[in-house]
Structure formats: structure tokens, C-alpha cells
Amino acid sequence: MKLHARLTPARLVAWLALVAMLLITLLPLWMVVKTALTPNGMLFEQSARLRPEQATLENFRRVLGLVDPESSIAMGGSGAEVDFAKALSNSLIFTALVVVLQTTLAAMAAYAFARLRFPGRGILFGLFVASMMIPGVVTLIPNFVLMKELGLLNTMAGMVAPFCLMQGFSIFFLRQFFLSVPRDLEEAALLDGASHLYVFFRIVLPLSATPVATIAVLTGINMWNEFFWPYLVGRDESLQVLPVALQVFKTQTPQGQPDWTGLMAATTVAVLPTVLLLVALGRRVVESVQFSGGK
């Protein structure tokens, strides 16, 4: 009886709307996976079906370089050659470097704004927050000129450098959490002779593991999907990250048309880490963002 009492017409409509939005969101992802599992010769024949007939993993083997070019063409591939295994490795290195450096520096800056007293603190924090309103395209040319003058074009350092400094959102987000950490713990440690650096790494960070992990996840997703800056700076094939490799693979058409099944297989590989992160940590990310907004 209680269940029927709770299931009002308004709730039913709300649930149906949520299910519809979920299906609309997941359908394109499923079509990508379905195409990746479809034999290349049957792609257009099965284009209107929701599930693949005679599903195969050969498309994944081709894009990961586990099949020689002749065999790939015989399977219906376009003959395009991109080292997706190397691109996957580059994406992992690029994302890991940015996540570690940006999260660490942002956490240290946020703690300074939350606890330390120094002249101009409020103005400087306001400038960091205001930087969130500046589109990334505005800093694109100055960053490119700087990397060129420093001789960092076509290097991993040049790809990573612009993303290593503190981001306004990360500082604002973490500062809200650091303000909620009890001061008594920090003051007791300082009275015992601990430095602010010791207090930050041994007391504050362990208590703020969830928000720091949230920033790391959000940064990681953004960097994993970053395309334009790595494409602009890391033009060398040995530095290509996955989004750039996907674009190059799409534009290579030795047989006259793109290798759609191979492209969708590579796209599935590229999307999978993001999906796994959101499934594993999505709830914590939402809770952290809600807490920060409430603060």
C-alpha cells in the first residue's frame, strides 16, 4: 500500500522522463559499441539494427596493431595506419602528469587561501575565481608563442606545461572543503612545532581525500579528452594522444572511404576509461560538488 501511495502520477511522469533521457544519452554510445563489434563487410547491411549480427573483436585487434596491414585490408579495413597502442600510452602519460601536477598545486594554493593570512589574499583569490570566466581560446596563442620561444614544441613538456598551473575552479572547489576542516587539529599540530607544510600533507590532505579525488577525476576526464592543444603542439606521430590519433585515423582513406568499424573500435577504447571512472566514482563526484555548492 505504501508503494502505491508513493507512486503518484507526477512521480511516474518524472521517472518516465528520466528513463527517456537515459536512453537518449546511452543510445549513441551503444551505437558506437555496436558498430565496433560489427564485421566491416556487414556495416551498411546492419546499420539500422540495434544489435550486431556475428559480433567480432577483429576491429579492436586491427586498431591495436595486432593484425598486419595486409590482413587488415583483407578484413575490410581502409589501410590507414595509426599506432593506437602508442597513442594510448601517450594519453595515459599526458593525463597522469597533468592530474598529479595540477591537483597538487591547486590543493596547496587552496590551503593557503583557506588558512594563511597574507597581504592581498582576497584580491588574489578573486582573480583566480575571475579566471574561470576567461575562455581557453583567449590564452591559446600566447601559450603557443611561449612554448615556441622555450623550444618545447613537439615535446611532452610543451603539451603538459599550460595545464600544470592552478585552475580557478580547482582552487575555489578545494578551498571550500579546507574551510570546513576543524582548526583545532591544525592548531594543536602547530603548537607541537609542526610546519604548515607538515600540517597540510599529514593532516589536511588525508581528511580531504574525497574532494581531492574529485578534482583529480574531473581533471583526468578533461585531459583524457583534450584534443586541440595536443594536436597543435604534439604534431609528431610519436606524441599523438588518442583524440588526435582518432582524427588522423578518420582522415586517412587509402581505400577511398574511412574505416568506420575500426574508428568506432578505437573510439570505444578511448571512451572506456572515462565511463569506468564515472561508474566507479560518479556518485562521490556529485556529492562533493553538491557539498561545495552548499558551502
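Each reported figure results from applying straightforward, stated rules to the coordinates on display, with no laboratory input. Not measured: the values here are computed from a predicted model. Don't worry about glycine lacking a Cβ; one is built from the backbone with ideal geometry, like all the others, and counts go over all protein chains shown.
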*So between Ile123 and Leu276, what do we pick up on full extension, going 0.36 nm a residue minus the alpha carbon distance?*
51.1 nm
_Excluding same-chain pairs closer than 8 in sequence, count the lysine pairs in the chain whose Cα atoms lie under 30 Å apart._
5
*asked:* Under a Cβ-only charge scheme (Lys and Arg +1, Asp and Glu -1), can you give me the dipole magnitude of the range 116-239 about the Cα centre, in debye to the nearest 20?
replied: 240
*Specify the residue with the greatest mean-square fluctuation among Ala55, Ala245, Ala96, computed from a Gaussian network of the chain linking alpha-carbon atoms under 10 Å apart.*
Ala55
*For the chain, find the longest principal axis of its Cα atoms and tell me its angle to the long axis of helix 260-294, 0 to 90°, nearest 10.*
20
_As a test of the formula, what do you get for the chain when each DSSP H run with n ≥ 4 contributes -39,500 (n - 2.57) and the sum is divided by the residue count, at 222 nm and rounded to the nearest 500 deg cm²/dmol?_
-21500 deg cm²/dmol
*Radius 15 Å from Cβ of Thr38, net charge of other residues (Lys, Arg +1; Asp, Glu -1)*: +1
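Relative contact order for the chain: what percent, with Cα pairs under 8 Å and sequence separation of 6 or more?
Relative contact order here is 30 percent.
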*Which order do the peptides 223-229, 21-27, 41-47 take when ranked by the mean count of other beta-carbon atoms within 10 Å per residue, highest first?*
223-229, 41-47, 21-27
*Taking 1 over the mean of 1/r across every pair of different Cα atoms in the range 85-233, what Kirkwood radius in Å do you get?*
16.9
*Inter-label distance for Tyr198 and Ala20, nm, one decimal - labels placed 7 Å from Cα along Cα-to-Cβ*: 6.2
*Among Arg117, Arg62, Arg283, what is the fewest-to-most ranking by other Cβ atoms within 10 Å?*
Arg117, Arg283, Arg62
*Can you give me the relative contact order of the range 159-289 as a percent, contacts being Cα pairs under 8 Å and 6 or more apart?*
25
_Charges at C-beta only: +1 for Lys and Arg, -1 for Asp and Glu. How large is the resulting dipole of the chain about its Cα centre, in Debye rounded to 20?_
1220
*Have a look at Ala112, Ala36, Ala14 and tell me which one the Gaussian network model of the chain (Cα, springs below 10 Å) gives the largest fluctuation.*
Ala14
*asked:* With θ taken as phi - 60° and the coefficients 6.51, -1.76 and 1.60, list the Karplus ³J(HN,Hα) couplings across the range 171-185 in order, rounded to whole Hz; mark glycine and proline as x.
replied: 5, 4, 4, 6, 4, 4, 6, 5, 5, 8, 6, x, 5, 4, 5
*How high is the relative contact order of the range 85-233, in percent, counting Cα pairs under 8 Å that sit 6 or more residues apart?*
42
*Given the options Ser170, Ser180, Ser91, state which has the largest fluctuation in a GNM of the chain using a 10 Å cut-off (strictly under) for Cα springs.*
Ser180
*Please give the peptides 139-148, 211-220, 155-164 ranked by average Cβ packing (other Cβ atoms within 10 Å per residue), highest first, as a rough proxy for protection.*
211-220, 155-164, 139-148
*If you take the charge dipole of the chain about its Cα centre, with +1 on Lys and Arg Cβ and -1 on Asp and Glu Cβ, which of Leu57, Ala110, Ser180 is farthest toward its positive end?*
Ser180
*Summed side-chain charge close to Ile141 - residues other than Ile141 whose Cβ falls under 13 Å, Lys, Arg +1, Asp, Glu -1*: 0
*asked:* Given a Förster distance of 35 Å, report the FRET efficiency between Ile141 and Ile93 from their Cβ-Cβ distance, rounded to the nearest 0.05.
replied: 0.85
*asked:* I'm spelling it out carefully: the read-out is semi-axes √(5λ) of the Cα gyration tensor in Å, the candidates are (i) 30, 24, 17; (ii) 42, 30, 16; (iii) 29, 22, 20, and one was derived from this structure. Which label?
replied: (ii)
